[in-house]
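Throughout, read-outs are computed from the coordinates displayed, never taken from laboratory work. All values derive from a computational prediction rather than experimental measurement. Positions of Cβ are backbone-derived with ideal geometry, glycine not excepted, and every protein chain shown enters the neighbour counts.
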Amino acid sequence: MRTGDDEQAFQWGSDVFAKPIGDCWESVKFITNHGKPLSVFRELARDAKTWEPGTIPGMLELVKFCDTRFASKLLMLERYLHLRPVLELLVANPGYKAWLSKQTPETKKEAERVKTTTQSSDHWDAVEFTLKMLLPVLRVLRLTDGKTGATLSKVYNLMSQLSTHFEKEIEGFDDSIRQKVWDLFMARWTYFHEPIFTAAYFLDPEFMKGKGSRQEEADFRKVLTVISSAEHCPFTLSDMITQWACLLYTSPSPRD
């Protein structure tokens, strides 16, 4: 949930995500808005010689983002990265260059920016880092959009994976920015997390691994305490903990 203090509380001081997405959009928009570049792009995309043997992707069209489409900027960026070989060949293609030579100065200026972007290794590194950081978040959002059968346990599992993903240094990524992402993530996780999430996770057969932290087991036991104290519950807290220990392949004593 977004709060009114977000803009002040998290001053990124960097366009680490916005710049590669913006540069991607500029290239996608230029190609798809002009008939000849788009035609050449499609020819190159369908040409088997463009790709390493066995690497032709199933989707060969660029994707435009849409403000009303869920996470469409990331989807655009992901497809853009898959089609990198085509983009690099396009700006060097003789047919494309012949078309460009007849265009207005403004069009040539736009084309030069696209060429600079697609030939920049720093740009492609930034695209890869952006997807590496944000695609795991997209997995959680997709799970909770009502189409894939989200449960508390599965959301908890993916959130736990995100925590691990953001908590540690990421090679090649500015650690000060990673720390800000981590702080924002933990602020949100702390805001809506409840012990019932942990209980659902511990009782899901998919995650019966006996790898919970001491805090997770404390949360789980708190939920069992509430359940066992209900008037019509036929089990004591001790009974429930013992059954959990036996059935979930773990020890009833807290782990470190």
request  = Mind jotting down the distance between the C-alpha centroids of segment 176-242 and segment 85-108, whole Å?
outcome  = 57
Nearest-0.05 FRET efficiency for Leu141 and Ser229, computed from C-beta distance (R0 30 Å) = 0.25
ask   = Relative to the first principal axis of the alpha-carbon coordinates of the chain, what is the inclination of helix 237-247, with its axis defined by its Cα atoms, in degrees from 0 to 90 and to the nearest 10?
value = 50
ask   = Once the Cα gyration tensor of segment 13-129 is found, what semi-axes does its equivalent ellipsoid get, as square roots of 5 times the eigenvalues, in whole Å, sorted largest first?
value = 21, 19, 14
Environment charge of Leu152, counting only residues whose C-beta is closer than 10 Å and scoring Lys/Arg +1, Asp/Glu -1 = -1
key: Convex hull volume per residue in cubic angstrom - Cα atoms of the chain   = 186
query = Cβ under 9 Å from Trp25's Cβ, Trp25 left aside: what net charge do those residues give with Lys, Arg +1 and Asp, Glu -1?
reply = +1
message = For the chain, take the longest principal axis of its alpha carbons; what is the angle in degrees between that and the long axis of helix 35-46, to the nearest 10 within 0 to 90?
response = 60
query = Among 114-120, 191-197, 78-84, what's the highest-first ranking by average C-beta atoms within 10 angstrom per residue?
reply = 78-84, 114-120, 191-197
task = Take the eigenvalues of the Cα gyration tensor for segment 64-156, scale each by 5, and report the square roots as semi-axes in whole Å, largest first.
result = 37, 14, 10
